[in-house]
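Rule-based calculations on the coordinates, nothing more; no lab input. Model, not experiment: these values are computed from the prediction. Cβ atoms come from the backbone with ideal geometry, glycine included; neighbour counts cover every protein chain shown.
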Amino acid sequence: MSRGEMAGRQAERMPFGWAALAAALAMTASTQALAQVLPGPPQSASPPPAGQNENVLLEADELIDDQAARTITAVGDVQVRYQGRTMRADRLVYDLNTGEIRAVGDVQIVLEDGSVTYAEEIQADEAMNVGAARELRSRMSDGGTLAARAAVRHGEGESELRNVIYTSCPICTTGDRPPTWSLRARRAVQDRETRTISYQGAVLEVIGVPVLYLPFIAHPDPSVERASGFLPPDIGRNRRLGTFYEQPYYWAISPSQDLTASIRLHGNVNPLATLQYRKRFWSGNLILDTTFTEEERFNTDGDRLGDNRWRYSVFGEGAFRLSDYWSWGFGIEHIYDDEYLRRYDLDGAGERRGPYIGQDTRLITQLFAIGQGPSSYSSIAFVNFQGLRETDTSELLPFILPFAEFDRVIDEPLLDGQLRLQANVTALAREDDGVGPFVGNNGRISVGASWRRDMIFGPGLVLSPFAQARGDLFRVETASDQYETFGRGLGLVGAEISWPFMRPGENIDLIVEPVIMGALASNGADDPRIVNEDSLAFDLDDSNLFRPNAAPNYDLWEPGGRVAAGVRATARARSGESATVMFGRRWRDEQAPGFTDQNNLGGEVSDWVASGQIDLGSGFGAQARMRLDDESLKFQRLDMAVRGQVGRVSAVARYFTIDDSLSIDPADPNEQISGEFGVELARGWRAQFGLTRDLDSDINLRQDIRAIYEDDCTFLEIAYTRSETQRGDIGPDESLQIRIGLRSLGVVGGS
């Protein structure tokens, strides 16, 4: 029977039991699951049973129906298609007596996900209770490759591969170079009841050389998205801790929650335990991360200081949706003592856990709710601080109970402009430190409105008049348990005018825009009973030069008249390169408490502020922000960064300097340089050198050297880091760590 006749008579062949051909294709699903040697995207264990309406298309050069032997044989370029799967073979025999199907000769099976399996021979019965394959080779959709001498399916519950090898690395077509790594096993068994795959006699080979022998290992099969078990360990060495080994265990409690527990053993100090709990709710998620140990304080040299105590860290966060407008959440950051994180080299500080972000010297615990819509924003937060500097006093750090704000833009314009309404409520509480008549509990309610309109007139002039009005009500503790309530009214009017000039060119467009802002504000805002809490650290620079009120928040108010003038210029090439510069300064008719040389508003004339940026694509880029003395043009502050790449060499550098008289915190460096240099070496190897140096104290805040190898399936990093900083009793430190990552197997030595 010819191929064309077979296609036309497909319906007549359905009574032969073509569901068995579907079973032959289904067998590859179990082979595919074994091929995934680590958990990945779930694969279908078997297709739905073929029913009367499930069509199986069979094509072949010749079809032989042997009535005496009760066999049906397809010969010559056999193709079977069923439910998106295709099987090709030289010969296919279906035994009507036993229900056995046997495909022989260059058998090839293509699954829906694009994975391809090759074999010399495949056998299966019609019910798929028993299946076998010989000289099996499979190329999976994730790029992995598997080969086995034989594959056997023992009923519905178990499949087995014998003499198997797997790699996720590309295979050299010439065969003269082995893959970067491969995993060999004498026997691999998939158990569908426990949904696990186990290996006996496994060997990890690197460039064809055996490096690790594992008598027995097991892991969940690819159909399991999450399963309990041990995770890859973290191994390294630290000067304080000594050689350490951390072994995590993952517990999949339920589909919506899990727990990761680990124990880290150190050569020099007692072990450290870690627990991370995660839970997903219908409205959000929750993460709690804690560490604890029982140990004395110890310094960089390992000397014990103080008593043996339980010490811990707690970090947590939650975010939940209440409605289309409102959401709420919390962030927890707390450690036992100031140097706990540095002492044990732990992460957690400086991460976003809400609207307020802490840092490695100050932790923030917060409870908040945020509402946001197209034209309004609302928030309320309760915040607590933990200072980690030696100079921090816990009694001086406030509890914010609460900080609430509301911002609304009126859709209907007022006088063809934009009207913005704002309200703010702040309450601060402190503990008495027991030294002198310390008072610090106070609160404020502020309600205000601002208006602005942009108009274009004449030869392209842009005029933007604006006005602001605000009322503040304060309740301040003037003596222990004695409070005063008073208010103030604030307002300003002014305008900003700019005149942009544009010169289009054949290759480069140039835009130059002079800008002048002038405003007149009310006086009498510097009541000595008002404590400046929210505008302690700010600086007049290029980003806020034209802001009507230079003070960024509520406690400070810039009185009297002020004028800011500057020029912005941009050059933009048609090919994408660009350069921008900005230069200007500010004049004021009077001084006020709270405005100092540190924030560039101490006198009637500010220093010059400037910025610039150049972007020439991936090969070069630079940006700089600076503050220049109003008379000598000497650098008062300079922050400059540059990046570049030439061939296989790349570099990034940043330089920062500030005049000693302008430094707010004496502990912060006044002159610092940092950079990273990288070079691409041969065949996937590269080297990186990083340095952050405090030029004032002439010490390296951090330096690291890394050798990295990376290809399509392998990652190797050897990193040496050193720090010369001294904070508390933790001083200079150095560490060495090795990370090895094998695609689809995981990473050993860190994340």
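Key figures for this structure:
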| item | result |
| --- | --- |
| Among 653, 445, 468 - extreme Cα towards positive end, dipole of the chain, charges at beta-carbon | 653 |
| Net charge over other residues, Cβ less than 11 angstrom from the Cβ of residue 400 (K, R count +1; D, E count -1) | -1 |
| Percent of Cα-Cα distances greater than 23 Å, calculated over the stretch 513-644 | 40 percent |
| Distant-in-sequence amide H partners of residue 71 (H built 1.01 Å from N, under 5 Å) | 66, 96 |
| For residue 260, net neighbour charge (Lys/Arg +1, Asp/Glu -1) across residues whose Cβ lies under 11 Å away | -1 |
| Cysteines (scope the chain) whose Cβ has no counterpart Cys Cβ under 4.7 Å | 172 |
| Among 211, 201, 75 - extreme Cα towards positive end, dipole of the chain, charges at beta-carbon | 75 |
| Per-bin percent of Cα-Cα distances, the stretch 307-454 [5 Å] | 2, 8, 14, 15, 16, 14, 12, 8, 6, 3, 2, 1, 0, 0, 0 |
| For the chain, size of Cβ-based charge dipole, Lys and Arg +1, Asp and Glu -1, in debye | 1680 debye |
| Residues whose placed amide H lies under 5 Å from that of residue 337, excluding near-sequence neighbours | 312 |
| Rounded, prolate or oblate (a/c below 1.5 giving rounded, otherwise prolate when a/b exceeds b/c) for the stretch 162-319 by Cα gyration tensor | oblate |
| For the stretch 365-379, 3J(HN,Hα) per residue [Karplus equation, 6.51 cos²θ - 1.76 cosθ + 1.60, θ = phi - 60°, Hz, x = Gly/Pro] | 10, 8, 10, 8, 9, 9, x, 9, x, x, 10, 8, 9, 9, 7 |
| In Hz, Karplus ³J(HN,Hα) per residue of the stretch 327-336 (6.51, -1.76, 1.60; θ = phi - 60°; x = Gly, Pro) | 9, 9, x, 8, x, 10, 9, 7, 10, 5 |
| Residues 542, 454 arranged by fewest to most Cβ contacts within 10 Å | 454, 542 |
| Once the Cα gyration tensor of the stretch 331-412 is diagonalised, semi-axes √(5λ) in Å | 32, 14, 9 |
| Percent breakdown of C-alpha pair distances by 20 Å bin, ordered from the shortest bin, for the chain | 12, 31, 31, 19, 6, 0 |
| Interchain or long-range residues, amide H under 5 Å from residue 83's placed H | none |
| Net charge of Cβ neighbours under 15 Å - reference residue 485; Lys, Arg +1; Asp, Glu -1 | -1 |
| Phi to ³J(HN,Hα) by Karplus 6.51 cos²θ - 1.76 cosθ + 1.60 over the stretch 599-604, Hz, x for Gly, Pro | 9, 6, 9, x, x, 7 |
| Cα-based shape type of the stretch 247-395, given that a ≥ b ≥ c are square roots of the gyration tensor eigenvalues and the cut on a/c is 1.5 | oblate |
| Shape of the stretch 615-700, Cα gyration tensor, a/c cut at 1.5 | oblate |
| Unit charges at the beta carbon, dipole of the chain: most positive-side option, 332, 684, 104 | 104 |
